[in-house]
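See structure below.
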Amino acid sequence: MISHRQKPVTPWPLIVLFVVISASSILLGYLYYKSQKKRLLNDKSLELSAIADLKVKQIAQWRNERISDAVLIGENTPFLKLLSEYLHGTNDKILRSDIIANMKSITSRAEYKNILLIDSTGIIRGYYPNQDTLIFKYINLLSPDLVKLKSGFLTDLHKAGNISYSHLELIIPLLNAWRKDSTVFGFLAIRIDPNETLYPLVQMWPVPSKTAESLLIRLEGEEIIYLNELRFKKNSELILQKSASEEKLPAAMAVRGIEGTVDGVDYRGASVVAAMKKVPGSSWYMIAKIDHNEVFSVLNEQMTMIIIIIILFILTVGLLLGILEWNENVRFYREKYEAELDHLALRKHFDYILKYANDIIFLTDRNMVIIEANDRAAEAYQRDRKELIGLSLSKIRAPDALKELENESRILDEKGFATYETVHVRKDGTTMPVEISARKVEIEGVKYFQSICRDITERKSAEEILRESEERFRKIFEESPISIVMTGKDLGIIRANSAFCKMLGYKEDELKTITLRDFTHPDYVAGDDVSLLRLVAEEIPVYHTENRYTRKDGSVIWGSATISIIRNNNDEIQYFLAMIEDITLRKIAESELIAAKEKAEESDRLKTAFLHNVSHEIRTPMNAIIGFSALLNEPDTPESDRHQFIDIIFQSGSQLLSIINDIVDVANIESGQVKLNIKEMNLNSSLRILDEQFSYKEKPDIISINLDTGLPDEKAVIMTDSTKLIQILSNLINNASKFTRKGRIDFGYALKDGNLEFFVKDTGIGIPPEHHEKIFERFFQVDNLVSRKFGGTGLGLSICKAYVELLGGKIWLTSNPGKGTDFRFTIPYVLPGKV
Ligand code: ADP
């Protein structure tokens, strides 16, 4: 990507990397130096300690050897005898030359420089090779203790008399041992030059070194005396003194009792590593030391190299990172350069676009005066480009849209950009709607406004057409008498028209919170879902269904629904459109029609059965009448038979009449011609007559007929249609006697709740419960043996029901098949004068 930065960014990561690498290398170098220094110091300490040990051993050995020499000389009896004789006064020449010979042999050892012979009073009586008149402090102070000495000893180092070098003496007491006498009769004092053996022993260093040095010291009072010649201070033995309280001085530390290795400052003031040790059997201390500078000289050389390497490394890293950064900068400027080239090309192209752009482009100053405009602007406003430049924007605004200009300019100034629609005017006065996208720009520090205007005349008219079409659609949708609902993919309702709202009893707002499923009757939801899936899968173009829907008030309606899918331009499902027609009334009509049809078919079936019955019922008595009438004509028919035949003809006639009456009654009821004839009726007496009639018909030992009048006679005079009441009761009692083979028939009435409730109860075959309703229908007969045997038309009970209802009551029954039936009906209890 081409960067818009003017300068490359500071390479902070590289700088940090460089600093980290440099710091790490320096730290590593420092740590290495520290560890090496520690190791070297350690090594050197061990070495010094070993050297100090070795020297202390050698010096102790040297001292022992001297003492051994003293012992040997002290036990040389011939020599002692000679010395004894000499000291006791014999001054024989031979004796002296013998003594000289012995002394010569002793001084043949290089470090024994001179021998003095001293008598027990301390006077020097002899010498070899020089006559040293030296009277040193030990001889001077020959104390009784010294005289008692039995073995030789070494004096400390000192300078004395005219002897130029520092030295020490080996003092040998002389005893008359051979006489078993332990009295000391004199001393031999052998002067030892330490430069011969002792000092070389001290100074010798096992490895070549520039600063290594070993010293012998002793404490004298508060001062430390350096005993041997010093490497860096010539001729200072027994002269140089230092205070024992000097803290850093290794010699001072040694006399303070510190042993081992220490860092310190030596007599020159140089930093040293020193090992200190006391020489056993003497007052001497051995100090072996070496300068720090020498110890660390190799390390310092190494470190110089390491520092050079670290510096070179840091420089190399710096160089590499610098090259990296340099490359980066080169790349940055190259890209910048290329981008600049591209930019130039683009600008050319852009100027071209601007000039020939399809949109109107203006540049205005802060006062909304046009300072630049493209060709399209000139063309759109029918003005020359030069004419446009210098024109205020208000001049190309339609007068109606002028008042918003100020507000729009303010918003543009505040926000830096603005888009709005307005109306512009051409030179000829015609207007055009435009869409403006304006932006505040800064060119070389001066603020301008750049506006891109698009002539949206066509879009506006398209929008108008669309708006009108939408309005039309909205009206169609809204005002459609058919319920229409638009749902989302989840069947959630988005829009519903007023017919739909009315059909389901919801307001449109309420519907927007529910889905189509919510008011679809649960029995139909699953089926709907399957069909909608098929619709979505384009297996079916539309989905038709007849469903039940639950209204807001809980009532259920029938609806015929047609559901289709609305897709967008990408063929993606957007909405479901459902048109639902309320078909509840049609459905009711349909079911009524079906019921009526079924009823008609049933009634047809019944009528056919009735015709069979009627023809049978009519034919039977007719045959009897015709047959027996013919027999009456026979001249030889005896009189008794004749009477019987007439009786049969009479009964058959009555039966025929009753059938015809029934048919006529039904016909009257159906045509609505039955009229009530209400008048006074003595209920009790009418019922008694009925009782008598039926009792007369039945054989009392088989079926007994019992009447129960529920009111006293004086209260039993009522207003009703007595003929119909008697016909109802007769029919019921007739049926009871027809379907009761043995037992009893009870009938009567009682006053209940202001009505008269009549009953006719038998102990007959009973009626199965499923027929309790049906037996009141016309022509219905329970199919059983008794019906078949007695015949009948199935009209009696339907007539009873019609009459009871006509009289203002109702009829019902209770029955137990095999045990009997109890028919009951009511009529209003109306007393005369109350009608
Ligand atoms: P039907 O002329 O056949 O008697 P109804 O209308 O009087 O016609 O009676 C219809 C049917 O009801 C009878 O055919 C009979 O099967 C049944 N039924 C009526 N009354 C009784 C009753 N008391 N006991 C048993 N069945 C009865």
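The values are calculated or read from the model by the stated rules, or taken from the named source; none is laboratory data. None of the values given here were measured: they were computed from a predicted structure. Here Cβ is always computed from backbone atoms with ideal geometry, including for glycine, and neighbour counts include all displayed protein chains.
Suppose we keep only residues that are surrounded by fewer than 19 Cβ atoms within 10 Å (Cβ to Cβ) and within 18 Å of D665 (Cβ to Cβ) within region 728-741. Which one would you say is nearest to the ligand (Cβ to nearest atom)? It comes out as N734. The residues of region 805-835 that are more than 25 Å from G766 (Cβ to Cβ) and of a type in the set (A, V, I, L, M, F, W, C), listed by number, are L806, L807, I827, V830, L831, V835.
Among what's in region 697-717 and is out of contact with any Ser or Thr (no Cβ under 7 Å at 6 or more places or on another chain) and among the small types (G, A, S), pick the residue that is nearest to the ligand (Cβ to nearest atom). Applying the filter and picking the extreme gives S704.
Residues in region 323-360 that are in contact (Cβ under 8 Å) with a residue 12 or more places away in the chain and under 30 Å from R454 (Cβ atoms) were compared, and the one that is nearest to the chain's Cα centre (by Cα) is D342. Look at region 155-171: where a residue is of a type in the set (K, R) and a partner is assigned to a strand (DSSP E or B) and buried (at least 16 other Cβ atoms within 10 Å of the Cβ), sitting 6+ places away or on another chain with Cβ atoms under 9 Å, you get K159/H167.
Given the condition part of a helix (DSSP H, G or I), surrounded by 13 or more Cβ atoms within 10 Å (Cβ to Cβ) and of a type outside the set (S, T, N, Q), answer yes or no: does some residue in region 743-756 qualify? No; the residues of region 743-756 include none that is part of a helix (DSSP H, G or I), surrounded by 13 or more Cβ atoms within 10 Å (Cβ to Cβ) and of a type outside the set (S, T, N, Q).
Of all residues in region 776-792, those satisfying the criterion of being near the ligand (Cβ under 7 Å from one of its atoms) and either modelled with pLDDT of 80 or more or within 17 Å of I811 (Cα to Cα) (or both) are F780, Q781, V782. Only one of the numbered conditions (1) in contact with a strand residue (DSSP E or B) (Cβ under 7 Å, 6 or more places away or on another chain); (2) farther than 22 Å from F232 by Cα is violated by I309, and that is (1).
Of the helices (runs of 4 or more DSSP H) lying entirely inside region 432-532, those containing at least 1 residues that are under 21 Å from F362 (Cβ atoms) and of a type outside the set (A, V, I, L, M, F, W, C) are 457-479. Scanning for something loosely packed, with under 12 Cβ neighbours inside 10 Å, at pLDDT 90 or above, in a helix (DSSP H, G or I) and not polar (S, T, N, Q), does region 415-424 turn up at least one residue? Looking through region 415-424, at least one residue is loosely packed, with under 12 Cβ neighbours inside 10 Å, at pLDDT 90 or above, in a helix (DSSP H, G or I) and not polar (S, T, N, Q). Scanning region 808-835 for residues that are within 12 Å of the ligand (Cβ to nearest atom) and outside any strand (DSSP E or B) turns up P817, G818, K819.
A quick yes/no check of all residues on (1) loosely packed, with under 12 Cβ neighbours inside 10 Å; (2) of a type in the set (D, E, K, R); (3) within 16 Å of the ligand (Cβ to nearest atom):
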position	(1), (2), (3)
S640	yes, no, no
Q673	yes, no, no
M719	no, no, no
I726	no, no, yes
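Is it fair to say E805 is more than 9 Å from the ligand (Cβ to nearest atom) and either assigned to a helix (DSSP H, G or I) or buried (at least 20 other Cβ atoms within 10 Å of the Cβ) (or both)? Criteria met by E805.
Is region 652-668 home to any residue that is closer than 26 Å to I765 by Cβ, crowded, with 18+ Cβ neighbours inside 10 Å, modelled with pLDDT of 90 or more and within 14 Å of the ligand (Cβ to nearest atom)? The answer is no, given that none of the residues of region 652-668 is closer than 26 Å to I765 by Cβ, crowded, with 18+ Cβ neighbours inside 10 Å, modelled with pLDDT of 90 or more and within 14 Å of the ligand (Cβ to nearest atom). Of the residues making up region 690-735, those that are part of a helix (DSSP H, G or I) and among the acidic types (D, E) number 4. The residues of region 747-775 that are among the hydrophobic types (A, V, I, L, M, F, W, C) and near the ligand (Cβ under 8 Å from one of its atoms), listed by number, are V760, I765, I767, I775. Is region 24-42 home to any residue that is over 60 Å from the mean Cα position of the chain (by Cα), in a helix (DSSP H, G or I), within 22 Å of P194 (Cβ to Cβ) and not β-branched (V, I, T)? Checked region 24-42: no residue is over 60 Å from the mean Cα position of the chain (by Cα), in a helix (DSSP H, G or I), within 22 Å of P194 (Cβ to Cβ) and not β-branched (V, I, T). The number of residues in region 208-239 being in contact (Cβ under 8 Å) with a residue 24 or more places away in the chain and either under 14 Å from L157 (Cα atoms) or part of a loop (DSSP other than H, G, I, E, B) (or both) comes to 20.
Does A357 satisfy being in contact with a Phe, Trp or Tyr (Cβ under 9 Å, 6 or more places away or on another chain) and surrounded by 12 or more Cβ atoms within 10 Å (Cβ to Cβ)? Against the criterion (in contact with a Phe, Trp or Tyr (Cβ under 9 Å, 6 or more places away or on another chain) and surrounded by 12 or more Cβ atoms within 10 Å (Cβ to Cβ)), A357 does not qualify. In region 191-202, the residues that are assigned to a loop (DSSP other than H, G, I, E, B) form Cβ pairs under 7 Å with partners that are basic (K, R), at six or more places apart or across chains, as follows: D193/K113. Among the residues of region 382-400, those that are touching a strand residue (DSSP E or B) at 6+ places or on another chain (Cβ under 7 Å) and either surrounded by fewer than 18 Cβ atoms within 10 Å (Cβ to Cβ) or outside any helix (DSSP H, G or I) (or both) comprise R385, I389, G390, L391, S392, R397, A398, D400. Checking each residue in region 135-172 for being at pLDDT 80 or above and hydrophobic (A, V, I, L, M, F, W, C) picks out F153, L154, L157, I163, L168, L170, I171, I172.
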